[in-house]
Amino acid sequence: MSSKQIKDLLRYLGEVHHRLALAYGRLSREVDAERSRMLLMYLRGREDAAAAHLEEYAEQLGEAQALTWFELGFDEELLPLITELTLPAGAQGDEIVALACDLERRLVAELDRLARECPTEATAALLRNLSGLEQARLTRLVHGAHRLDDL
């Protein structure tokens, strides 16, 4: 991905979450176990919420920040990876959570890298904030998955 402005990066992140929601919805129709379907639908809902949150974040971002030129981009293109997600029909909760956590960790790692390499402090702070939000989502994912196990 080669972003030219912060708004483009936010749009890309929103697209990542939107495509994850679609992928989890597709996978929920391909697994056998009801608990696995429930977990995938939970993941779909949380990705839909993340995409909506990013849209709100982008709208609230000042125009000057949104239009800031940004020469760095993601090293790893996540969209094709998301499109190709598969799970075996007999996938259990642990496998699903591991898959979701791996994707979240990749996203956090890319945002952290971009923040470290960013030449301007204001943009680096914005990227660290986005990374922190994604890290918090990862933590909630693990807690949410454990709560589902308790049901």
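The values are calculated or read from the model by the stated rules, or taken from the named source; none is laboratory data. Remember, predicted model here, so these are calculated numbers, not experimental data. Please note: Cβ atoms are built from the backbone with ideal geometry, for glycine as well, and neighbour counts cover all protein chains shown. Note: areas computed on protein heavy atoms with side chains; ligands, DNA, RNA excluded. Shrake-Rupley method; radii C 1.70, N 1.55, O 1.52, S 1.80 Å.
Observations
- The Kirkwood radius of the chain, taken over pairs of alpha-carbon atoms, gives through the Stokes-Einstein law at 37 °C and 0.692 mPa s a diffusion coefficient of 205 µm² s⁻¹.
- Distance between the pseudo-spin-label points of residue 129 and residue 52 (7 Å out from Cα toward the beta carbon): 2.1 nm.
- Amide H contacts of residue 5 (H built 1.01 Å from N, under 5 Å, at least 5 apart or other chain): 70
- The calculated FRET efficiency for residue 34 paired with residue 59, based on their beta-carbon distance and R0 = 30 Å, is about 0.20.
- Label-to-label distance, nm, for residues given as residue 92 and residue 146 (7 Å Cα→Cβ offset): 1.9 nm
- Summed over the residues of the chain and divided among them, the accessible surface reaches 53 Å² per residue at a probe radius of 1.4 Å.
- For the chain, built as a Gaussian network whose Cα springs stay under 10 Å, the top-fluctuating residue of 121, 104, 95: 121
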